[in-house]
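Visitor: First the structure, then my questions, so here it is.
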Amino acid sequence: MKRFKWQEDIVYQIYPRSFMDSNGDGMGDIPGITSKLDYLEALGVTKLWLCPVCCSPMADNGYDISDYDHIDPVFGTDEDFDRLILEAGKRGIGIVMDIVVNHCSSEHRWFRNALEDPEGPYGKYFYIRRGTVEHGSPVPPNNWRSFFGGSAWEPIPGTDLFYLHLFAKGQPDLNWENQNLREEIYAMMNRWLVKGVQGFRMDAISYLQKEEGLPSYPADADDGLVSVKYGTLNKPGLIDILREMRDRTYGRDILTVGEAMGVTGEEMTDFIGLEDGVFSMIFDFSFNELNVKAPNYFWYDTRSWSIGELKEKMFGAHESTRDAWLGTCLECHDQPRSIDHYLPEEGRNFYGASMLAMFNLFRRGTPYIYQGEEIGMRNIRLASIEEYDDVSTKNQYQIALEAGYSPEEAIEFVYGMSRDNSRTPFQWNHSANAGFTNPETVPWLPVHPNYTEINAEDEAADPASLLAWYRCLIEIRKNSEILKFGDLEPEFRDEEDLVSFRRILDGRELLVVLCWRNCETELALSGIKKKLRLIADNYGDMKTDGKRLILRPYEALCAEMVSEGDV
Ligand code: GLC
């Protein structure tokens with residue numbers, strides 16, 4: 001099968017507001033990122049995906065872009081960005097831009113023009129529709145509920161018109177049926193490529209195509225509304241838009257990763273086939289929201305889940321992508337911290353965290369590490385909803401109250417699910433403000449109080465730290481053709497609370513065993529005809545007599561399977 005450079009990448013995701021503040025205003029910025037390139041180089045990553053840094057009124061922290069061609073002053077200047085590309089390049093690190101084109105900001109020139117003249121050319125860049133009037137009040141064109149809660153339609157003052165927004169009302173959806181809009185976007189993407197960016201992360205890309213006629217559907221909750229997903233998720237025609245986008249802009253050799261929900265089974269080949277995919281990869285989100293009930297993802301409506309379910313989802317995703325490629329990830333700026341999300345209380349320690357690291361880094365696919373994951377950053381519990389920043393957190397809190405939960409209960413849902421859990425400032429050292437900003441500055445979101453124990457500087461000095469383990473696994477992966485390119489086959493599939501697989505390339509095999517249990521377990525090796533030669537183990541050694549493995553709590557091991565003759 002054809003091989004690409006991006007299959008060998010290790011991507012590090014940066015949330016610029018929270019990574020490093022260089023000018024003491026309490027908000028991370030681009031010069032701050034540049035100042036930490038040595039740290040990232042030492043970690044071993046090869047690409048940096050930056051969450052949006054373009055001009056934005058920040059209704060959704062940059063995912064509402066008002067000018068696609070310039071850097072928001074809060075993050076620095078256009079020259080700062082050029083310098084980041086240059087300095088990262090010197091270290092063999094490429095910059096991946098977050099491309100947000102399902103919607104723009106309500107402050108974007110296009111949208112302002114559309115409001116002034118809804119019938120004019122810019123009105124056609126958006127979904128603007130006439131509502132109806134019932135009992136003297138305006139009623140939206142359909143019953144879709146936005147992802148962030150409430151109707152997905154916002155009235156345009158002084159008219160009987162509404163505009164569609166799948167996310168916040170400051171994020172009007174762009175109309176991809178309009179060829180002029182498409183041309184503008186392609187030209188913009190090409191300008192970034194000329195500047196030297198080496199990849200694109202495609203935000204909310206499954207929603208570009210809307211169902212013909214924007215129909216209402218039967219309500220799926222008591223509010224009488226229905227998730228926007230029904231009318232917008234991965235609709236027929238989407239793949240044609242994406243093919244055109246690929247052919248007009250990035251092509252096949254540049255890393256592109258789709259945040260592409262709803263792509264399953266046979267569609268995987270069209271989206272991410274190694275032969276002719278529209279993206280190099282999409283994120284494997286197959287198991288990351290097992291704890292909430294689709295399609296609404298109300299944070300109050302959680303469910304319990306098992307490791308068995310997680311592994312079957314993960315294996316299922318691999319089975320449907322044998323001729324394709326995934327991006328593996330456990331964390332991002334939209335998810336809680338992985339230690340809190342995937343491990344029970346008793347596993348939230350070095351062993352659990354280092355096991356998750358191997359789970360993410362040794363699967364088939366290009367791994368993504370989210371800032372702070374490599375040092376074991378954790379969820380935060382802020383005192384009240386007022387202290388939270390995230391628009392979806394505030395909405396979900398409100399939704400819980402409206403569903404009859406008390407403020408105390410509603411804040412508990414926020415603790416478990418809030419996107420601000422992963423957005424707190426990076427913990428660089430154990431000095432005031434964790435070294436993220438000046439000691440006297442109040443950061444935009446509170447620093448997690450655990451920074452004196454969990455921080456990059458202390459971990460860099462400790463060979464037994466989580467950070468040291470990440471560096472070691474990254475190094476192993478970069479030097480292993482099997483881990484980079486090999487197939488993945490499930491192993492010990494029926495063993496409860498155990499995730500295990502083989503990675504296979506040209507007759508050579510590695511065994512990965514991840515023990516999601518808090519007690520010692522004996523594992524018979526009768527099915528494994530080869531000897532195990534240890535490559536990495538978070539306990540430092542492997543306990544085996546050749547016939548059995550003795551697994552310790554949250555042990556993670558990777559061993560080469562060698563025939564007698566090879567030993
Ligand atoms: C994506 C982003 C998320 C944002 C949303 C709207 O899901 O990851 O942070 O809120 O799109 O742009």
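Coordinate-derived values only; no laboratory data. Everything numeric here is computed off the predicted structure, so don't read it as measured data. Because the Cβ atoms are built from the backbone with ideal geometry, glycine has one as well, and the counts that use them run over all protein chains shown.
Visitor: I need to check one value: relative contact order of the chain, counting alpha carbon pairs closer than 8 Å and at least 6 residues apart, in percent.
Guide: For the chain, the relative contact order is 12 percent.
Visitor: Oh, and also: Based on the Cβ-Cβ distance of Ala464 and Asn438, what FRET efficiency does E = 1/(1 + (r/R0)^6) give at R0 = 41 Å, to the nearest 0.05?
Guide: 0.85
Visitor: Out of the range 299-332, which trypsin sites (Lys or Arg not before Pro) are coil in DSSP terms and have no more than 10 other C-beta atoms within 10 Å?
Guide: Arg303
Visitor: So what's the net charge close to Trp176: Lys and Arg +1, Asp and Glu -1, counting the other residues with Cβ under 12 Å from its Cβ?
Guide: Neighbourhood net charge equals -2.
Visitor: Which net charge results when you count Lys and Arg as +1 and Asp and Glu as -1 among the other residues whose beta-carbon is under 11 Å from that of Tyr230?
Guide: Overall, the nearby charge balance is +2.
Visitor: Taking every DSSP beta bridge that has both residues in the chain, what percent is antiparallel when rounded to the nearest 5?
Guide: Roughly 65 percent of the beta bridges in the chain run antiparallel, per DSSP.
Visitor: What does the C-alpha gyration tensor say about the overall shape of the range 388-439? Classify as rounded when a/c is under 1.5, otherwise prolate if a/b is larger than b/c, or oblate.
Guide: prolate
Visitor: Related question: Extent of the range 232-338 along each principal axis, from alpha carbon coordinates, in Å, largest to smallest?
Guide: Result for the range 232-338: principal-axis Cα extents of 43, 27, 25 Å.
Visitor: Using a cut-off of 11 Å between beta-carbons, work out the net charge of the residues near Leu551 (Lys and Arg +1, Asp and Glu -1, Leu551 not included).
Guide: -2
Visitor: Let me ask another. Could you please state, rounded to a whole Å, how far the C-alpha centre of the range 208-282 is from the C-alpha centre of the range 1-65?
Guide: With the range 208-282 and the range 1-65 each reduced to a Cα centre, they are spaced 25 Å.
Visitor: I've got another one for you. Using only Cα atoms and rounding to the nearest 10 degrees, what angle (0 to 90) does helix 78-90 make with the longest principal axis of the chain?
Guide: Helix 78-90 sits at roughly 20 degrees to that axis.
Visitor: I'd like the distance between the alpha-carbon centres of the range 418-442 and the range 535-558, rounded to an integer number of Å.
Guide: What the calculation gives is 36 Å, centre to centre.
Visitor: OK, next. How far is helix 307-319 tilted off the main Cα axis of the chain, in degrees rounded to 10, range 0 to 90?
Guide: In the chain, helix 307-319 runs at an angle near 80 degrees to the longest axis.
Visitor: Quote the relative contact order of the range 297-364 in percent (integer), defining contacts as alpha-carbon pairs under 8 Å separated by 6+ residues.
Guide: Dividing the mean separation by the residue count of the range 297-364 yields 32 percent.
Visitor: Within the range 470-567, which trypsin sites (Lys or Arg not before Pro) sit in a loop by DSSP and count at most 15 neighbouring Cβ atoms inside 10 Å?
Guide: Here the sparse-neighbourhood loop sites are Arg493, Lys529, Lys543, Lys547.
Visitor: Normalise the Debye intensity by I(0) for the range 1-125, one equal point scatterer per Cα, no solvent, then take log10 at q = 0.16 Å⁻¹ and round to two decimals.
Guide: Here the Debye-derived log intensity ratios amount to -0.80.
Visitor: May I pose another question? With +1 on the Cβ of every Lys and Arg and -1 on the Cβ of every Asp and Glu, and nothing else charged, how large is the dipole of the chain about its Cα centre, in debye rounded to the nearest 20?
Guide: That gives a dipole near 1360 debye.
Visitor: Report relative contact order for the range 72-169 in percent, whole number only (criteria: Cα-Cα under 8 Å, sequence separation at least 6).
Guide: 17 percent
Visitor: Follow-up. Greater than 30 Å separation of Cα atoms is the criterion. Which listed pairs, Lys484/Lys543; Lys47/Lys311; Lys394/Lys484, meet it?
Guide: As for pairs spanning more than 30 Å Cα to Cα, those are Lys394/Lys484.
Visitor: For Lys210, give me every one of the lysines with a C-alpha distance below 18 angstrom, ignoring sequence neighbours fewer than eight places off in its own chain.
Guide: Within reach: Lys124, Lys169, Lys229, Lys235.
Visitor: Right, something else. Using only the Cα atoms, work out Rg/Rh for the range 81-151, with Rh taken as the Kirkwood radius, to two decimals.
Guide: Radius of gyration relative to Kirkwood radius: 1.23.
Visitor: How long are the semi-axes of the ellipsoid equivalent to the chain, from square roots of 5 times the Cα gyration tensor eigenvalues, in whole Å, largest first?
Guide: So the three semi-axes of the chain are 39, 26, 25 Å.
Visitor: Among DSSP beta bridges whose residues both lie in the range 40-146, state the antiparallel percentage, nearest 5.
Guide: Restricted to the range 40-146, the bridges split so that about 55 percent are antiparallel.
Visitor: Continuing with the same structure: So how tilted is helix 350-361 from the main axis of the chain? Cα-based, degrees 0 to 90, rounded to 10.
Guide: On a 0 to 90 degree scale, this one is about 70.
Visitor: Right, next: If the chain between Asp247 and Glu520 were fully stretched, how many nm would it gain, using 0.36 nm times the residue separation less the Cα-Cα distance?
Guide: Going from the current span to full extension adds 93.0 nm.
Visitor: Could you tell me the distance between the Cα centroids of the range 139-199 and the range 380-408, to the nearest Å?
Guide: 26 Å
Visitor: With no solvent and one equal point scatterer placed on each C-alpha of the range 164-285, evaluate the Debye formula and give log10 I(q)/I(0) for q = 0.10, 0.15, 0.18, 0.20 Å⁻¹, two decimals.
Guide: Debye curve over Cα of the range 164-285, log10 I(q)/I(0) at q = 0.10, 0.15, 0.18, 0.20 Å⁻¹: -0.34, -0.74, -1.03, -1.22.
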